[in-house]
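*Asks:* This is the structure I have questions about; it appears just below.
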Amino acid sequence: MEAGLARPDTWRKLLRVLEDIKAESDLLGIPTVDFGDGLVLESMAFSYAVSGGTVFADIGAGVGYSTAWIALGVEAGCAGKCRVYAVEKLPGRAERLRKLKGKLGLTRVEVDVVEADALEFLESLEDSSLSLAFVDVEKHLYLPILRLLERKLASGGAALFHNAFYPKPPGEFYEAVANSPWKATIAPSPVGMIVAILRPRDSEL
């Protein structure tokens, strides 16, 4: 699989799988990231996996379109065994998510489907355990999730939030992500994605 991911013919097959997952999401009326956002997710996940990250999370995973992009990036970069938590609170969607691993042909990545509320899931994790988290849930939850990720992400970890432009999260969220301990930018896709990196903690300076 390591060499296969680099081959254009392999990627063409994977893109067809991604198209099928996207079509299922559309059929069920589940909003998804667009193709450009998927490329950001795959590239960021790959980069963090290459750098030694092993635990990733897709919070608000739907039926798995964004999960698939993250998992493929981690698969390409992971040196040993890595885990992607796909967090979805609706049981029907979570059941469809469980079919992902076989479709994508993953060998080094375990996709762990978690039926849970986003805040409850994050509270259950050990502090500093996450390398990267992608968040696409109700926008009023963005600020409390951001505060939790200040503890749950490893130093230098990444938090990616969908819908920077529309539908916009609350103003308080933007104020918080623009200040310490975060360094943030917006990837200007049609709806926008906030990319926030957790700065080193005071104890690590």
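The values are calculated or read from the model by the stated rules, or taken from the named source; none is laboratory data. Keep in mind the model is a prediction, meaning the values are calculated, not measured. A quick note on method: Cβ atoms are made from the backbone with ideal geometry, for glycine too, and the neighbour counts reach across all protein chains shown.
*Asks:* For the stretch 21-39, which positions are buried (at least 20 other Cβ atoms within 10 Å of the Cβ) and among the aliphatic types (A, V, I, L, M)?
*Replies:* Within the stretch 21-39, Ile21, Val33 meet the criteria.
*Asks:* Now a separate question. Take the conditions over 22 Å from Gly52 (Cβ atoms) and either aliphatic (A, V, I, L, M) or out of contact with any Leu (no Cβ under 8 Å at 6 or more places or on another chain) (or both) and apply them to Ala86. Does it pass? First the steps, then the outcome.
*Replies:* On the way: over 22 Å from Gly52 (Cβ atoms): no; either aliphatic (A, V, I, L, M) or out of contact with any Leu (no Cβ under 8 Å at 6 or more places or on another chain) (or both): yes.
No: the conditions fail for Ala86.
*Asks:* On the basis of being outside any loop (DSSP other than H, G, I, E, B), within 16 Å of the chain's Cα centre (by Cα), modelled with pLDDT of 95 or more and hydroxyl-bearing (Ser, Thr, Tyr), does Tyr174 make the cut?
*Replies:* So Tyr174 does not fit the description; no.
*Asks:* Same structure, new question: Going through the stretch 1-27 one residue at a time, which ones are modelled with pLDDT of 85 or more and basic (Lys, Arg)?
*Replies:* To start, the set of residues in the stretch 1-27 that are modelled with pLDDT of 85 or more comprises 11-27.
Arg12, Lys13, Arg16, Lys22, listed by residue number.
*Asks:* Give the stretch 161-192 a look and list any residue that's within 14 Å of Arg147 (Cα to Cα) and without any contact (Cβ under 8 Å) to a residue 12 or more places away in the chain, or say none.
*Replies:* Tyr174, Glu175, Ala178, Asn179
*Asks:* A further question on this structure: Hey, among Val74, Val63, which residue is part of a helix (DSSP H, G or I), in contact (Cβ under 8 Å) with a residue 24 or more places away in the chain and surrounded by 19 or more Cβ atoms within 10 Å (Cβ to Cβ)? So that I can check it myself, show each step before the final result.
*Replies:* Numbers: Val63 fails: part of a helix (DSSP H, G or I).
One residue alone meets the criteria, Val74.
*Asks:* Mind checking which residues of the stretch 161-171 are outside any loop (DSSP other than H, G, I, E, B) and in contact with an Asp or Glu (Cβ under 9 Å, 6 or more places away or on another chain)? Can you show your working first?
*Replies:* If we filter the stretch 161-171 for residues that are outside any loop (DSSP other than H, G, I, E, B), which is where we start, we get 161-162, 171.
Selection gives Phe161, His162.
*Asks:* Can you tell me which of (1) in a helix (DSSP H, G or I); (2) surrounded by 15 or more Cβ atoms within 10 Å (Cβ to Cβ) is the one Glu120 doesn't meet?
*Replies:* Looking at each condition in turn, Glu120 falls short on (2).
*Asks:* Condition first: within 17 Å of Asp58 (Cα to Cα) and either of a type in the set (Val, Ile, Thr) or out of contact with any strand residue (DSSP E or B) (no Cβ under 6 Å at 6 or more places or on another chain) (or both). Now tell me which residues in the stretch 163-202 satisfy that.
*Replies:* Asn163, Ile194, Val195, Ile197
*Asks:* Does Lys101 count as outside any helix (DSSP H, G or I), surrounded by fewer than 22 Cβ atoms within 10 Å (Cβ to Cβ) and basic (Lys, Arg)? Give the derivation first.
*Replies:* Details: outside any helix (DSSP H, G or I): no; surrounded by fewer than 22 Cβ atoms within 10 Å (Cβ to Cβ): yes; basic (Lys, Arg): yes.
Against the criterion (outside any helix (DSSP H, G or I), surrounded by fewer than 22 Cβ atoms within 10 Å (Cβ to Cβ) and basic (Lys, Arg)), Lys101 does not qualify.
*Asks:* I would also like to ask the following. Can you pull out every residue in the stretch 40-52 that is under 13 Å from the mean Cα position of the chain (by Cα) and either aliphatic (A, V, I, L, M) or surrounded by 19 or more Cβ atoms within 10 Å (Cβ to Cβ) (or both)?
*Replies:* Of everything in the stretch 40-52, those that are under 13 Å from the mean Cα position of the chain (by Cα) and either aliphatic (A, V, I, L, M) or surrounded by 19 or more Cβ atoms within 10 Å (Cβ to Cβ) (or both) turn out to be Val40, Leu41, Glu42, Met44, Ala45, Phe46, Tyr48, Ala49.
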